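The values are calculated or read from the model by the stated rules, or taken from the named source; none is laboratory data. These numbers come from a predicted model, not from an experiment. Glycine also receives a Cβ, built like all others from the backbone with ideal geometry; neighbour counts cover every protein chain displayed. Protein only, heavy atoms only, side chains kept; ligands, DNA and RNA dropped before computing areas. Shrake-Rupley method; radii C 1.70, N 1.55, O 1.52, S 1.80 Å.
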2 protein chains.
Amino acid sequence: MALGAMQDWSMRISHVIDHAAREAPHREIVTRWADGGETRTDWAGIHRDAKKMSQALLALGLEKGDKVASLAMNHSRHLVSWFGVAGMGGVLHTCNPRLFDEQLEYIVGHAEDKVMLYDAAFQPIVDRMRDKWLTVEHYICFDSGEHSQSFEDWIGAQDGEFDWVTGDERDPCMICYTSGTTGNPKGVQYEHRSTLLHAVSGLQPSTFNFSASSVMLPVVPMFHAASWGLPYAGAMAGIKFVFSAVNDPAVLDELMKREGVTDSAGVPTVWLAHFQYCDANGLELPKLRAATIGGSAAPRFMIERLMKNGTRVQHAWGMTETSPIGTVGGPTADWDQLTFEQKVEKTMKQGRPIFGVELRTVDLDDPTKVLPRDGEASGALHSRGPWVLKRYFKAEEDALTADGWFDTGDVATIHPDGTMQITDRTKDVIKSGGEWISSVELENAAVGHPAVAEAACIGMFHPKWDERPVLFVVKKEGADCTAEDVVEFLSDKVAKWWLPDAVEFVDDIPHTATGKISKKDLRDRFADYQLA
Amino acid sequence: MALGAMQDWSMRISHVIDHAAREAPHREIVTRWADGGETRTDWAGIHRDAKKMSQALLALGLEKGDKVASLAMNHSRHLVSWFGVAGMGGVLHTCNPRLFDEQLEYIVGHAEDKVMLYDAAFQPIVDRMRDKWLTVEHYICFDSGEHSQSFEDWIGAQDGEFDWVTGDERDPCMICYTSGTTGNPKGVQYEHRSTLLHAVSGLQPSTFNFSASSVMLPVVPMFHAASWGLPYAGAMAGIKFVFSAVNDPAVLDELMKREGVTDSAGVPTVWLAHFQYCDANGLELPKLRAATIGGSAAPRFMIERLMKNGTRVQHAWGMTETSPIGTVGGPTADWDQLTFEQKVEKTMKQGRPIFGVELRTVDLDDPTKVLPRDGEASGALHSRGPWVLKRYFKAEEDALTADGWFDTGDVATIHPDGTMQITDRTKDVIKSGGEWISSVELENAAVGHPAVAEAACIGMFHPKWDERPVLFVVKKEGADCTAEDVVEFLSDKVAKWWLPDAVEFVDDIPHTATGKISKKDLRDRFADYQLA
C-alpha cells in the first residue's frame, strides 16, 4: 500500500441496493402483472425482500458461485432476484423464454442452474423442460403457488436479518447467453465490478440521464442483456420503476400516462405498436422525456414522430458481450445549432461511445489494418473496455484479437465526430468483385417501397463476382409490385453496382427467437438457389 | 479467475484523457490568462501536451511515484499537468498559493516535491521560498520564461510519441493538503481508482450533469480539493472548459456570456462579487443552467436570485478528505410539485449523498450511538466510500473510527429524505449544561441583522454551564447597533437558552488562508476573556 490511501471498497452489487434503500427508501416500484393485477413496493421493500431471498437461497443449500435461473418478464419480484442472488454470492441466469426448447435445455445445463424462478405464464415451458433440466433442484413460481412453491411464501419464511455475502469484485453476479444464430448459445458472465462500472456510467445525461425525478418503464426485458443495466442504474439514482409483465400497447400507454413515466427503453417494434394503438384509438402519445431505442435501428418516421412529440430519441448500441451499452446517441455539442432535419440524421445513427468503451473498425479483408474515422471507411467493429467480454463462460480461450479487442461481429463506419454507424453484420455483408456491399442498407432502402412489408438480402454465389446480392421480399397485404419496380426504386438510393441481381418474392422471412431476421435460416432455405 | 470473464481494465487516469482526445478532440479549452491574453486549445491539444509533459518529466530523471508541485491558478497548462504528471506515474501536488509561508514550506518538504510548476504571478512566493524548498530540483514557469524555464519551451522539446506509464489502479495520482486550522496541514493522496470512480459519478444529472453540450467555467481553483474532480469529469464527457486565471467578476461575466458558459462551480463569495458587478454596471446576470456552490453555505438571497434567473442552484458538500464530493443538492423526486419557497428551503441544505458515499451521524458525547435520520438529531458526521480517506500521507495509522468511518469534523442533521444539513464544526459547537449549541446557526442568524457585517460565535468557559456562547460582531460601515439590539434580533430565531451571554463588537475577525473564519485564532485572541 502507498504511504496514505483512500478507503478499501469492493465494487459489489450489494452497495447498489443498500444505497437505494438508504437514500430513496420510499421511491415506488410499480408492477402490472400478467393477470392484470397491480402491486406497488419501493426500494426499501426490494432491499428487504432481496435479503430474505439471499437467506432463502442459502437455506436451500446453495453456495457462493451457484447459479439461479429466471424465466420471467419484468416485475418487482424479478428485480428482487437481481439483488437477492448477487447478495448471497450467487449468479443470476436470466433465461430468454422465447428461445427454442433445445436452446433452453442447453443453456440451463451448461450454466448448471440449481434453482429455476419462473412466471406462471411460462408453466408450459417448465412442464415441457423439467425432465431435461437435470441440474435444477428447485422450482419457485414468481406469481402463483399452484404448481411450485410461490416466491412470496418461499422468501416469507425468512426474517431478512442478513449480512450480504462478501467477495472479490471480479466474482460473477449474472450470466446471459447470446441468442446464438450459429452454433450453441454462448454464456457471458457479468462481474460485480463490470456491472457496477457499467451502471454508474449509465446515469450520465448522455446515457439514461437518471436522477431522483426519473420514472422509467423499461420495455426491454429483464432477460435481455441485463436489461441494459437499467435495474442497477435505476437503484443508484433511486428512480421510480414502472414494470409491466405484458407488452400490450394499451397497458403500456395507460401506465405511462397514469404513473408519470419520463423514460422508456426498448426495441423499435414496441413504439410501432404504440403508434398504431394510439392512432386507432384517437389518443395522444405519452409525453416522455426520452426514449432509448436499441436492438435494431429505429426507422426515420418513428424518430421524427417521437421528436415532434417532445421526446428525445436516442439509439443505444451494444450486445450481450458488451454488458451491453457501447454507444448512445445523446445530443452532440452542436445540438442546439442543428435543424430538425439534421437532428433526425444524427439520431438515425448509433451514437458515440460512453467513457469506458473504446471502438475501432478494421479492414474486413485485413484485420490488422485499422480504418480511419472518416465517416466513409466501413469495417469490422471492435470494442474494448471494463464491461466488454474477455472470455465466454467455460471457453478454453479468450474471445479477443491478438491485440486485445473484442470483435463485435458488426460492420460499421465511424464518423469524424465519433458517431458510430452500423452498416451490417460481418457474416451478412456481401463480397462482390473484391468490394463489400451492405445487406442492411439494401434492406433498409427496400422497405421504403410502399408495397414492401419486409426485405432480407443475402449474397449468392456468382462465378465472376464471387457473390452478388439477392433481395427476398414479403409484399404488404393487398399491395403489388414487380422485381423491376423494386430495383428501379433502389436505383437512386444505393450505388449502381450494389443493385441486387434478383428480387424474389416470398410469403415469409424466417426469424430468430429474439425476432431478428435469420439469414442463416434464409440461406438454408435457399441453399440450392442459383443466379440466372 | 472465474470460468469466463470481462476484460481486464485498470482504472488509470490515462483512460480519461485518451477518451477525451478520441471522442471530443476539437471541443475547446479556453483560457483567459493573468496578463489579459487569451488562448484556445482543445482536448486533442491537452492530450498531446500531456504526453510531451510526461516525457519531459522522465527526461528530468523523475520516476514513478515522484511528486510534482503546482502553484497555479486555473488554466489550460495547469490542466495539462493533471494528465501529464499522472501519465508518467507521478503524483501532482496542487499547492494553495494562499497558504502562509510556513505552511508552504511544510507541505512541499513533507510531500518531497521534486519539481515546482508555477504561475509568473507567484514568482514572489517562489523567490521567498526557494531556499526553504530543499527537495525541489526544478522550477518551471507556466506563463513566462523570465526567471525559470517556460512550460511551453520545456514540453516543446518533446515529440509526444509516448505510451503512458502503466501501474496499479490504487497508485496515487494527486496529493492535496488540508488547510489545517490546527497543527500541520495533512496530505490526502488521491488514487487513480478513487479519482476515476469519483469523476464518473460526477457526470450524473444529480452532480455536474455533464454531457457534450456542457460549457463549464470552474471558479473553484485547481489547487483546491482537486477542483472538485471537474477536470476529470469534464474530460470524460468531452465538455468545453473556460478557465480564468483571475477571478475578477468583470472578466468572469464577459467570459460566461461570450463563451456560452452553461455551468459554474465555486464558493458563494464569487457570486456575491458577480451580483455587485452586474448591479453596478446595469448588466443582467449570465444565464447559466446550473451553479454548484460549495466551500460554505450560500445565503438565501443568493439562491433566490440565481433561481429566479433560471439557474439551478445546488450546494455540494465535501472536503479534501472526501475527494471531495459527498453530497449534492440536485432536484428531489418531488421537485416539480414544490413551491418556489419550498425549493429554496431544500436548496439551502447540503443535498444528498451520491452513489458511493455513505453518511451517518453519531452522538457528540457517545460516538458509538448512531443517530436517527429524523431531521432533528444533530451529531458528528461520518462518511465512508471508495473516494473517502483511509490514511493521511505518511501517517502511522488509519484516520478511521474502529468500525471504519471517517469523522468529517462536521456536525450535521440528516433528514428523512436523506438530505444532509451541516449545523457546525465539531470543534466549534458549544456545550452548555450538557446540551449542544450550534455556533454556525447563531452566526447565520446574526448576519441577518442589518447592521452586522460579519459574526463569529465561540464558547467561553462558564462555571455553571461549562460553556456559554459569546458572539463577536463586526459592524457594517456606517451602521450602528447595541449588544441588546443583536440579542433582541436573535430572540425569535433561536431557542432562548441559545442566546449569547455576551455580544462583543470587534474591528475584524481573523480568517484562515482559504478565507474561512478562524475560530482558533479568535480563541487565541480572547484567551483571557471572562464572562461577566
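Closer than 23 Å to A:MET348 by Cα and open to solvent by less than 30 Å² (accessible area, probe 1.4 Å): does that describe A:ALA291? Considered against the rule, which asks whether it is closer than 23 Å to A:MET348 by Cα and open to solvent by less than 30 Å² (accessible area, probe 1.4 Å), A:ALA291 comes out as yes. Looking only at the range A:361-401, residues that are within 17 Å of A:THR178 (Cα to Cα) and away from chain B (no Cβ under 12 Å) come to 0 in all.
Among the residues making up the range A:446-470, a single one is crowded, with 20+ Cβ neighbours inside 10 Å and charged (D, E, K, R): A:ARG468. Has the range A:8-31 got any residue that is over 22 Å from A:LEU255 (Cα atoms), in contact with a His (Cβ under 7 Å, 6 or more places away or on another chain) and more than 14 Å from chain B (Cβ to nearest Cβ)? No, that holds for no residue.
Of the residues A:THR31, A:THR41, which single one is modelled with pLDDT of 95 or more, assigned to a strand (DSSP E or B) and either touching a Leu at 6+ places or on another chain (Cβ under 7 Å) or open to solvent by 10 Å² or more (accessible area, probe 1.4 Å) (or both)? Spell out the reasoning first.
Details: A:THR31 fails: either touching a Leu at 6+ places or on another chain (Cβ under 7 Å) or open to solvent by 10 Å² or more (accessible area, probe 1.4 Å) (or both).
After ruling out the rest, the residue left standing is A:THR41.
Residue pairs whose Cβ atoms lie under 8 Å apart, separated by 6 or more positions or on different chains, with the first residue in the range A:294-313 and within 11 Å of A:PRO268 (Cα to Cα) and the second buried (at least 22 other Cβ atoms within 10 Å of the Cβ) and among the aromatic types (Phe, Trp, Tyr), are A:GLY294/A:TRP228; A:GLY294/A:TRP317; A:ALA298/A:TRP271; A:MET302/A:TRP271.
If you check B:LEU203 against the conditions, is it closer than 21 Å to B:PRO231 by Cβ and crowded, with 22+ Cβ neighbours inside 10 Å?
On the way: closer than 21 Å to B:PRO231 by Cβ: yes; crowded, with 22+ Cβ neighbours inside 10 Å: yes.
The answer is yes for B:LEU203.
So if I check each of A:THR368, A:THR361, which one is open to solvent by 10 Å² or more (accessible area, probe 1.4 Å) and either closer than 16 Å to A:SER323 by Cβ or of a type in the set (S, T, N, Q) (or both)? Working first, answer last.
Details: A:THR361 fails: open to solvent by 10 Å² or more (accessible area, probe 1.4 Å).
Selected residue: A:THR368, the only one of A:THR368, A:THR361 that is open to solvent by 10 Å² or more (accessible area, probe 1.4 Å) and either closer than 16 Å to A:SER323 by Cβ or of a type in the set (S, T, N, Q) (or both).
Among the residues of the range B:174-191, is any touching a helix residue (DSSP H, G or I) at 6+ places or on another chain (Cβ under 8 Å), farther than 13 Å from B:THR320 by Cα, crowded, with 16+ Cβ neighbours inside 10 Å and modelled with pLDDT of 95 or more? The answer is no; no qualifying residue exists. Within the range B:52-72, restricting attention to residues that are open to solvent by 30 Å² or more (accessible area, probe 1.4 Å) and either more than 16 Å from B:GLU137 (Cβ to Cβ) or modelled with pLDDT under 95 (or both), the residue that is nearest to the chain's Cα centre (by Cα) is B:LYS64.
Annotation note: of A:GLN337, A:GLN276, A:GLN342, the sole residue that is within 14 Å of another protein chain (Cβ to nearest Cβ), polar (S, T, N, Q) and either touching a Leu at 6+ places or on another chain (Cβ under 8 Å) or open to solvent by 30 Å² or more (accessible area, probe 1.4 Å) (or both) is A:GLN337.
Each row is one residue, and each column tells you yes or no for (1) surrounded by fewer than 16 Cβ atoms within 10 Å (Cβ to Cβ); (2) out of contact with any Gly (no Cβ under 8 Å at 6 or more places or on another chain).
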| site | (1), (2) |
| --- | --- |
| A:ALA233 | no, no |
| A:LEU252 | no, yes |
| A:VAL261 | no, yes |
| A:GLY266 | no, no |
| A:TRP271 | no, yes |
| A:ASN281 | yes, yes |
| A:GLU284 | yes, yes |
| A:GLY295 | no, no |
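Residues checked against (1) acidic (Asp, Glu); (2) free of Cβ contacts under 8 Å to residues at least 60 places away in the same chain; (3) part of a loop (DSSP other than H, G, I, E, B); (4) farther than 22 Å from A:HIS315 by Cβ:
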| residue | (1), (2), (3), (4) |
| --- | --- |
| A:ASP253 | yes, yes, no, yes |
| A:MET256 | no, yes, no, no |
| A:SER264 | no, yes, no, no |
| A:ALA273 | no, yes, no, no |
| A:ASP279 | yes, yes, no, yes |
| A:GLU284 | yes, yes, yes, yes |
| A:LYS287 | no, yes, yes, no |
| A:THR292 | no, no, no, no |
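Can you name the condition, by its number, that B:GLU443 falls short on among (1) part of a helix (DSSP H, G or I); (2) of a type in the set (Asp, Glu); (3) open to solvent by 60 Å² or more (accessible area, probe 1.4 Å)? Going through (1) part of a helix (DSSP H, G or I); (2) of a type in the set (Asp, Glu); (3) open to solvent by 60 Å² or more (accessible area, probe 1.4 Å) one by one, B:GLU443 breaks only (3). The set of residues from the range B:77-110 being surrounded by fewer than 22 Cβ atoms within 10 Å (Cβ to Cβ) and assigned to a helix (DSSP H, G or I) comprises B:ASP101, B:GLU102, B:GLN103, B:GLU105, B:TYR106, B:GLY109, B:HIS110. Of the residues that sit in the range B:377-406 and are over 22 Å from A:ARG12 (Cα atoms) and in contact with a Ser or Thr (Cβ under 7 Å, 6 or more places away or on another chain), which one is surrounded by the most Cβ atoms within 10 Å (Cβ to Cβ)? The extreme case among them is B:LEU381.
The set of residues in the range A:296-332 being outside any loop (DSSP other than H, G, I, E, B), within 14 Å of chain B (Cβ to nearest Cβ) and of a type outside the set (Val, Ile, Thr) consists of A:ARG312, A:GLN314, A:GLY318, A:GLU321, A:GLY326.
Of the helices (runs of 4 or more DSSP H) lying entirely inside the range A:137-239, those containing at least 1 residues that are at the interface with chain B (Cβ under 9 Å from one of its Cβ atoms) span A:192-202, A:230-237.
In the set B:ASP428, B:ASP501, only one residue is farther than 19 Å from B:MET348 by Cα and open to solvent by 70 Å² or more (accessible area, probe 1.4 Å); that residue is B:ASP501.
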